[in-house]
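Encoded as structure tokens, the structure appears first; notes follow it.
Taken together, the values in this text are just the output of simple stated rules run on the coordinates, not laboratory data. Worth saying up front: this structure is predicted, and the values here are computed from it rather than measured. Because the Cβ atoms are built from the backbone with ideal geometry, glycine has one as well, and the counts that use them run over all protein chains shown.
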Amino acid sequence: MKGGLTRLAMTAVLLSAASTAQAPAPAMKLQLTQGGALLVGRLNLPRADEVTGVWSGQGRARLLRCAPRCVSVQTLPLERTLQLGPDATYRIVLGGNFRAGQKVSLVLRLRHTSVLNITATVVR
């Protein structure tokens, strides 16, 4: 009985430490576009990484590099900070039907960090 309690206590401590060690999720918005939404905001990480995929309840998002024209790419470089938006070089676009005020959960897959979960609010 005592061994089971010790294991249970250790598991609780590890889970508590893991949950507090995560960086706070960035404030992101989804700007409505024709046929979908564009992710707007800034991603900050403690070290350089790459975004290799983004998913929502609507499916997989498209990663774009827009310089001078937008083309689909496999990864987006993240040199500690990645600015996303309509005027940014790199963009993340989701297809589907969205409405203003809706909250959308996104999962970002990174090359060196497992995943980053964020919630974005849809704006006009």
Next on the checklist: Could you sort the peptides 64-74, 49-59 by per-residue average Cβ neighbour count (10 Å cutoff), highest mean leading?
Outcome noted: 49-59, 64-74
Next on the checklist: Can you give the local net charge around Thr75? Use residues other than it whose beta-carbon is closer than 14 angstrom to its beta-carbon, Lys and Arg +1, Asp and Glu -1.
Outcome noted: +3
Checklist outcome for this item: Scoring only Lys, Arg, Asp and Glu (+1, +1, -1, -1) among other residues with Cβ under 15 Å from the Cβ of Arg65 yields 0
